[in-house]
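Novice: My questions all concern the structure below.
Just so it is clear, none of the values below were taken in a lab; they were calculated from the coordinates. Predicted model only: the values in this text are computed from it and were never measured. Ideal geometry is used to build each Cβ from the backbone, glycine not excepted, and the neighbour counts take in all protein chains shown.
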Amino acid sequence: MSHRPIATWLHKIKEKGLDIMRIIISGRNIELTDGLKAAVEDKIGKLEKYFTPDTDVYVTLSVQKERQKTEVTIPVKGNIIRSEQVSNDMYVSIDLVEEIIERQLKKYKNKLIAQKQSASSFRKEFIEKEVEADDEIKIIRTKKFDMKPMYPEDACVQMELLGHDFFVFVNAESDEVNVVYKRKGSTYGLIEPEF
């Protein structure tokens, strides 16, 4: 799992006088072949038109049975842009994840650059380009409900009974608002606040 080809690629581009974002590739249960690295550099490199040269892009390729997953995480000031895509072909997963991130950037552009911190992570050309009007976030429904203290396991049962993917509750152990949610593979996650 050597990163040498990546460093060589970045070095050659910088020799030509170009500044580009840095792509850091890692793998889990997969050999990072030159072909996979080239596919990541080619596809994820297309996102360069959105970000300033000092941006780091973390790409993790992993395999579990027939699931070939590509995860991309891009920390920008004030936010994290992230997507993961799974298919039975790693090259397809790489293609899909790039398309999703590009869609996210276009859709939430106004929200991202409205935050002064985040705006400094994006190229001037992207910031100044006209946006589509459909990037506005609209809350169309508000729900209020009584939150009685319960244990996380009980909250998972309640979530299942309601047929929801997540459930907000007051944790009987900590007396704080928590969220349980469904994960892939019939497992659950718990979100706890950190102050």
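Novice: Using a 7 Å offset from the Cα along the Cα-to-Cβ direction at both Q64 and R141, what is the distance between the two label points in nm, to one decimal?
Specialist: 3.0 nm
Novice: Note the full-extension length gain between V177 and K148 as 0.36 nm times their separation in residues minus their Cα-Cα distance, in nm to one decimal.
Specialist: 9.4 nm
Novice: Using 1/(1 + (r/R0)^6) with R0 = 35 angstrom and r between the beta carbons of T187 and D54, what's the FRET efficiency to the nearest 0.05?
Specialist: Here the calculated transfer efficiency is 0.40.
Novice: Name the long-range amide H neighbours of H164: under 5 Å, sequence gap of 5 or more, or other chain; modelled H, no Pro or chain starts.
Specialist: Under 5 Å from the amide H of H164 lies no amide H from a residue far enough along the sequence or on another chain.
Novice: For segment 26-100, which GluC sites (Glu not before Pro) are both in a DSSP coil and crowded by at most 14 other Cβ atoms within 10 Å?
Specialist: E31, E66
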